[in-house]
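**Q** Before anything else, here's the structure in question.
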Amino acid sequence: MESWQAIVATATFVSVILLVMTEWIHLTIAAFLGALLLVLLNVMTLTEAIGYISQSHGTLGLFFGVMVLVRAFEPTKVFDYLATQIVLLAKGRGNRLLLGIVAITTPICAFLPNATTVMLLAPLVPPMAEEVGVDFVPLLILMVFIANSAGLLTIVGDPATFIVGDAVNISFTDYLTRLSLGGVIAVLTVVATLPFLFRKIWQKKLDNLEQLPHPQINHPGVLAVGSLIIAFVLIFFVVGETLPVPLSPATVALLGAALALLLSHHSKIDTVNNILRDVDWSTLIFFMCIFVLIGGLEKTGVVSSLSGVLAVVLGKNIALGSIVILFLVGLLSSVVPNIPLVVAMVPLLKQYVVNVGLAAPEVLSQNFTGQFPAEVLPLFYAMMFGATLGGNGTLVGASSNIVAAGISELHGRRISFKRFLHYGIPVMMLQLIVAALYVIIRFLI
């Protein structure tokens, strides 16, 4: 590939990230224009661009399905009802509300993708915050932090973690024994920051709970059937891929969405057009374009050339390499959505360990099912922590961040890049430092 195309791909990618950070234009427009520029300048053809989008069909299908599923049941007022019950359980105290968000989000994110969890739970936050009399944006940001951090509790909790774990053939059980404690520590790190980063909400007290609005459930019969659909979706999220005929999470989400649309249409609680009109298309288009931009870096050889740089800088020093990878991937993940980042980084890291003679060339094969050399695994563990926790740094760092921003905008408030940064940078840096200590103590000493 000609060097000018690599320069164009890199410059376009960096320009899009800068536009998103400075908020000169909407992040979806920036990514859309950047992806189109690669096609117009012949870095890739339109067919190739669509091919890179199709590689992310699982992520896009999952997001679309859950968005439709959540939107289909809004007319039942179930989210307003549940939000009121949470406020009552917290007895109107801000600190209990913050800890309640942690307690609800953490176990769910251990088994469901973090962005999926945010899609399911985030609609509860705006009405809940309104009843307590606080801004809902910090609560959404907290939910994102916990969702991303709790994704480290199991190998299926975060798509980025799963991609890396699958690449080095780590089983669910192996992950629990080696890495889950790191996820617990990551969640506790966020909890430790609550009285400081979320001080106003932490100190908030609502004395007159009797004056809270008490929304009633609409269409209880429809909600009962809808609960069965949601239960089906959640169960098959966990067990679907272990069936004799595997069902991917995206397939399950799309089937749930189709059933929810059928129920809404048949019961006449809403129309199909209204539901589909309210889908967060902006978020979906943003992800499509980011995958195209990452594809441009892969096609032009930018990604593969970085593996040679790693070999020169790090040599065979696994301890140094693990810490460098953790912070490098963490910082990159704060400005690049972590799913496409790890998709690009996994082959780079595999090539690096082969280049320096720490692994045999057969590990580069897509069909390799053997064990990776134990001495190189800390590099991949570090990548997991860096990619997942680095996503807490900025608004575009993880898929759940973008999802939360879209939900916030649908409720009339925009989460600015600068405001997310105010919360995200302290949390990210603390978590990366703690994760580095965990990797050193657990795997390198």
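The values are calculated or read from the model by the stated rules, or taken from the named source; none is laboratory data. Keep in mind the model is a prediction, meaning the values are calculated, not measured. Reconstructed Cβ throughout: ideal geometry from the backbone, glycine too, with neighbour counts over all protein chains shown. What goes into the accessible areas is simple: the full protein's heavy atoms, side chains included, and nothing from ligands, DNA or RNA. Shrake-Rupley method; radii C 1.70, N 1.55, O 1.52, S 1.80 Å.
**Q** Taking the conditions exactly as written (closer than 24 Å to I339 by Cβ and in contact (Cβ under 8 Å) with a residue 12 or more places away in the chain), does I217 satisfy them or not?
**A** no
Yes/no matrix, rows are residues, columns are (1) assigned to a loop (DSSP other than H, G, I, E, B); (2) crowded, with 18+ Cβ neighbours inside 10 Å:
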position: D270; (1), (2): yes, yes
position: N273; (1), (2): no, no
position: T283; (1), (2): no, yes
position: F286; (1), (2): no, yes
position: I290; (1), (2): no, yes
position: I294; (1), (2): no, yes
position: L297; (1), (2): no, yes
position: V312; (1), (2): no, no
position: G321; (1), (2): no, yes
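**Q** Please work out which one of (1) open to solvent by 30 Å² or more (accessible area, probe 1.4 Å); (2) free of Cβ contacts under 8 Å to residues at least 40 places away in the same chain; (3) farther than 26 Å from E131 by Cα is the condition L27 fails and give its number.
**A** Single failed check for L27: (2).
**Q** Here is a further query. Would it be correct to say that L437 is under 21 Å from V329 (Cβ atoms) and over 22 Å from the mean Cα position of the chain (by Cα)?
**A** Considered against the rule, which asks whether it is under 21 Å from V329 (Cβ atoms) and over 22 Å from the mean Cα position of the chain (by Cα), L437 comes out as yes.
**Q** Which condition number does L82 fail, the rest of (1) of a type in the set (A, V, I, L, M, F, W, C); (2) within 19 Å of the chain's Cα centre (by Cα); (3) at pLDDT below 85 being met?
**A** (2)
**Q** Does at least one position in the stretch 162-171 carry a residue that is modelled with pLDDT under 85, more than 30 Å from F443 (Cβ to Cβ) and more than 21 Å from the chain's Cα centre (by Cα)?
**A** Within the stretch 162-171, none of the residues are modelled with pLDDT under 85, more than 30 Å from F443 (Cβ to Cβ) and more than 21 Å from the chain's Cα centre (by Cα).
**Q** Quick check: is even one residue across the stretch 43-50 modelled with pLDDT of 90 or more, of a type in the set (V, I, T), closer than 14 Å to G296 by Cβ and surrounded by 19 or more Cβ atoms within 10 Å (Cβ to Cβ)?
**A** yes
**Q** Out of (1) over 25 Å from G165 (Cα atoms); (2) open to solvent by less than 30 Å² (accessible area, probe 1.4 Å); (3) among the β-branched types (V, I, T), what's the single condition that is false for I425?
**A** Unmet for I425, out of (1) over 25 Å from G165 (Cα atoms); (2) open to solvent by less than 30 Å² (accessible area, probe 1.4 Å); (3) among the β-branched types (V, I, T): (2).
**Q** Could we say that V376 is part of a helix (DSSP H, G or I) and closer than 16 Å to G330 by Cβ here?
**A** In short, no.
**Q** In addition: Which residues, counting only those in the stretch 249-266, are closer than 14 Å to T116 by Cα and not aliphatic (A, V, I, L, M)?
**A** P249, T251, G256
**Q** Condition (residue is aliphatic (A, V, I, L, M) and under 29 Å from V439 (Cβ atoms)) applied to the stretch 255-272: is it met by at least one residue?
**A** Within the stretch 255-272, none of the residues are aliphatic (A, V, I, L, M) and under 29 Å from V439 (Cβ atoms).
**Q** Looking only at the stretch 251-263, how many residues end up being surrounded by fewer than 20 Cβ atoms within 10 Å (Cβ to Cβ) and under 18 Å from T59 (Cα atoms)?
**A** 4
**Q** Out of all the residues in the stretch 172-208, which are open to solvent by 40 Å² or more (accessible area, probe 1.4 Å), farther than 30 Å from P126 by Cβ and touching a residue at least 24 places away in the same chain (Cβ under 8 Å)?
**A** R178, L181, I185 - these are the residues of the stretch 172-208 that are open to solvent by 40 Å² or more (accessible area, probe 1.4 Å), farther than 30 Å from P126 by Cβ and touching a residue at least 24 places away in the same chain (Cβ under 8 Å).
**Q** Still on this structure: Report whether or not F327 is surrounded by fewer than 16 Cβ atoms within 10 Å (Cβ to Cβ), under 25 Å from the mean Cα position of the chain (by Cα), among the aromatic types (F, W, Y) and in a helix (DSSP H, G or I).
**A** Judged against the criteria, F327 is not a match.
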